[in-house]
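One structure below.
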Amino acid sequence: MGKHTVSLVSLGCPKNLVDAEIMLGHLPEDRYEIVTEEQQAEIIIVNTCTFINDAKEESIETILDLADLKVRGRCRMLVVTGCLPQRYREELQVEFPEVDLFMGTSDAPRIVELLESGMGGKDSLAAIEEQPDYLYDHTTPRAASSPFYSTYVKIAEGCSHHCSYCVIPQVRGALRSRSIDSVVTEVRELVSKGVVEVNLIAQDITAFGRDRDDEATLEMLLRELVKIEDLQWLRLLYAYPDGISDELLELVATEEKICSYLDIPLQHIDNELLGQMNRRIDEQGVRDLIARIRDRLPDVTLRTSFIVGFPGETDTQFAKLQEFVAAGHFERVGVFRYSREEGTPAADMEAQIPERTKQARYRKLMKAQSRVSFRKNRALVGHIEPVLVEGYSEETELLLRGRSVRQAPDVDGQVYITAGQADVGEVVQLKITDSSEYDLIGEIVEEQE
C-alpha cells in the first residue's frame with residue numbers, strides 16, 4: 001500500500017505555525033508523504049485561527065475553498081484543527097458537514113491516532129478537551145517549514161492574563177511554561193542543523209516560568225541560550241509591558257546575541273480604556289517604560305500593537321492615541337480593529353463602535369505611523385547594520401534580499417542588497433544607502449567603516 005499524501009495549511013500567528021510543524025512531525029514517513037500542493041493531497045489539514053473576526057473569516061473561507069477539492073481534486077479527507085474547533089465545538093458539526101475530522105489545540109500529538117481512528121466529524125468534536133493542557137518539549141518531533149536559517153521556538157503555551165477582549169485563555173488554556181533545559185536542548189539541536197536566528201514566542205514571554213515550581217524566569221533562560229555556540233540572533237517576541245524588568249533590559253544591552261528588538265503589545269494609551277481592557281498598566285506606566293527602555297537601549301527597535309474602536313472609544317481618546325503614535329515612540333506598529341468576540345467581557349460592553357468608524361481610525365493610525373517609519377528608516381542611511389541574507393528579491397534575481405537585526409520575520413520590512421555577494425543564511429555587514437517607509441536598501445561591506 002502506498003503512502004497517504006498530506007498537505008497542511010496553517011493560518012494565523014507563528015505560534016500556530018509551530019503547532020503545524022508538530023502535527024507534521026508526528027506523521028510516520030513510511031505511511032505519510034507531505035506535499036506542498038493541496039491539489040495533490042489525499043488528506044488536507046487546515047490549522048485555523050480565531051483570534052479576531054478577520055482571522056475567523058479567513059479560516060472559514062479556507063475550509064470552504066479546500067472542501068471543493070473533495071469533489072474536483074484528490075482529497076479524500078478534510079481535517080480542521082486548532083482554535084476554530086476548540087472554540088466552536090457545538091456549532092461546527094452543523095456548519096461544516098464537509099469536514100471529516102476536527103482536532104483541538106491540544107490534539108497535535110494524537111494526529112495519527114485520530115486520522116486512522118475512523119472517527120467522524122461529530123465524534124471528533126465531542127472528543128476535543130474543553131481545557132487544553134498540551135505542552136510540547138524538546139523530544140517532540142517537528143517538521144521544519146521555515147527557512148533553514150531561522151525558526152520560532154515556543155517557550156510557553158496558553159495565557160493566564162484575562163484581557164477583556166481576548167479569547168486566547170479559552171482556546172489555549174492557562175499558562176504552561178516549558179523547562180529551561182527543554183528549551184535549551186531544542187535550540188541547541190536547531191542551531192546544529194544550521195539555524196542562526198531563533199525567535200522566542202509565547203502569548204507573553206515575560207510570564208515564562210511563573211507557573212513552575214523551579215523558579216525559572218525568562219532572564220534565566222536567556223542566560224543559558226546565549227551560551228550556545230553558532231547561535232547569532234535571539235529575538236524576543238510578545239513581551240507584556242508589565243513584565244519587562246531591568247534585568248531583562250540589561251541582558252539585551254550586554255549580550256550580543258540578543259537582538260535589540262522588543263515587541264510589546266500596548267493596545268492603547270488612554271487610562272479609561274486600558275482599565276476597561278483589563279490591562280495591568282496605565283498611561284504613565286507606559287511612558288515610564290518607554291523612557292526606561294530607551295535610556296538603557298538607545299538603539300533599540302520597538303514594535304507594538306494597538307486596538308482602535310474598542311467599545312466606548314471616543315474621538316478624544318482616539319485622538320490621544322493618534323498623537324501618541326505620531327510622537328514617534330515606535331519603529332514598528334501593528335493596528336487591529338476591535339473585534340467583538342463572543343464570550344469575552346468586552347463583547348457585552350455598551351457603546352460598541354461602528355465598523356466604518358473603526359476602519360477610518362485604523363487608516364489614520366497607520367498613516368501616522370507610516371510617517372514615523374519613513375523618518376526613522378531615513379535616519380539609518382549611512383549606518384552599517386547586520387543583515388541576515390534570505391535569498392533573491394521576488395522582483396528580480398539581480399538583487400539579494402534579507403532582514404536587518406531590526407526586522408522580525410513575517411511582520412516587518414526587508415532589506416534589498418544592491419552590491420556584494422553572500423550565501424543564504426549568512427549574516428553580513430550592510431551599509432544602508434536608501435530607505436522607504438518599511439524597507440531598507442544597502443551594500444555589503446567587507447568590514448565596518
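As an exercise, use a Förster radius of 35 Å and the Cβ-Cβ distance of residue 137 and residue 94 to find the FRET efficiency, rounded to the nearest 0.05.
Computed FRET efficiency for residue 137 and residue 94: 0.45.
Check each of the trypsin sites (Lys or Arg not before Pro) in the stretch 187-237 and keep only those in coil by DSSP with at most 15 other C-beta atoms within 10 angstrom; list them in order.
193, 227
Give the shape of the stretch 1-72 as rounded, prolate or oblate, defined through the alpha-carbon gyration tensor: a ≥ b ≥ c are the square roots of its eigenvalues, a/c under 1.5 means rounded, and otherwise the shape is prolate if a/b is larger than b/c and oblate if not.
oblate
Starting from the stretch 15-99, pick out the chymotrypsin sites (Phe, Trp or Tyr not before Pro) whose DSSP state is loop and whose Cβ has at most 13 other Cβ atoms within 10 Å.
none
Which percent of Cα pairs goes in each bin when the distances of the stretch 296-376 are cut into 10 angstrom slices starting at zero?
18, 45, 26, 10, 1
Just in the stretch 375-426: which GluC sites (Glu not before Pro) are loop by DSSP and have at most 13 other Cβ atoms within 10 Å?
When the GluC sites (Glu not before Pro) of the stretch 375-426 are filtered for loop state and at most 13 Cβ neighbours within 10 Å, 394, 395, 397 remain.
Cα centroid distance between the stretch 344-409 and the stretch 265-280, in Å?
22 Å
Expressed in nm to one decimal, what extension gain is obtained for the pair residue 289 and residue 212 from 0.36 nm per residue of sequence separation less their Cα-Cα distance?
Roughly 25.1 nm would be gained on extension.
Seen from all sides and averaged, what is the projected area of the convex hull of the Cα atoms in the stretch 4-126, in nm²?
6.7 nm²
Report the charge-dipole magnitude of the stretch 4-126 in Debye, nearest 20, computed about the Cα centre from +1 at each Lys and Arg Cβ and -1 at each Asp and Glu Cβ.
Here the stretch 4-126 has a charge dipole of around 180 debye.
Starting from the Cα of residue 280, step 7 Å toward the Cβ, then list every residue of the stretch 231-249 with an amide N under 14 Å from that point.
Flagged as within label range: 239-245.
Within a Cβ distance under 11 Å of residue 376, other residues only, what is the Lys/Arg minus Asp/Glu net charge?
Taking every Cβ under 11 Å from that of residue 376, the sum is +3.
Rg/Rh for the stretch 142-248: what does it come to with C-alpha atoms and Rh from Kirkwood?
0.97
Just name one of 281, 41, 231: the one whose Cα is farthest towards the positive end of the charge dipole of the chain (beta-carbon charges, Lys/Arg +1, Asp/Glu -1).
281
What number in nm² do you get for the stretch 306-449 if you take the convex hull of its Cα atoms and divide its surface by four?
Mean projected area of the Cα convex hull: 10.7 nm².
Using 1/(1 + (r/R0)^6) with R0 = 51 angstrom and r between the beta carbons of residue 349 and residue 446, what's the FRET efficiency to the nearest 0.05?
0.30
Just to confirm my understanding: which cysteines in the chain have no other cysteine beta carbon less than 4.7 Å from their beta carbon?
13, 49, 75, 83, 159, 259
Computed FRET efficiency, Cβ-Cβ of residue 148 and residue 381, R0 30 Å: what is it to the nearest 0.05?
Computed FRET efficiency for residue 148 and residue 381 comes out at 0.45.
When the chain is fully extended, how far beyond the present Cα-Cα distance does residue 250 get from residue 396, taking 0.36 nm per residue of separation?
Stretched out fully, the residue 250 to residue 396 stretch lengthens by 48.4 nm.
Could you work out, for the stretch 384-445, what percent of all Cα-Cα pairs fall into each 5 Å distance bin, beginning at 0 Å and stopping at the bin that holds the largest distance?
Percent of pairs per bin, in order: 4, 22, 37, 27, 10, 1.
Read-outs throughout are calculated quantities, based only on the coordinates presented, and are distinct from any laboratory measurement. Predicted, not measured: the structure shown is a model, and the values here were computed from it. No Cβ is skipped: glycine too gets one built from the backbone with ideal geometry, and neighbour counts run over all protein chains shown.
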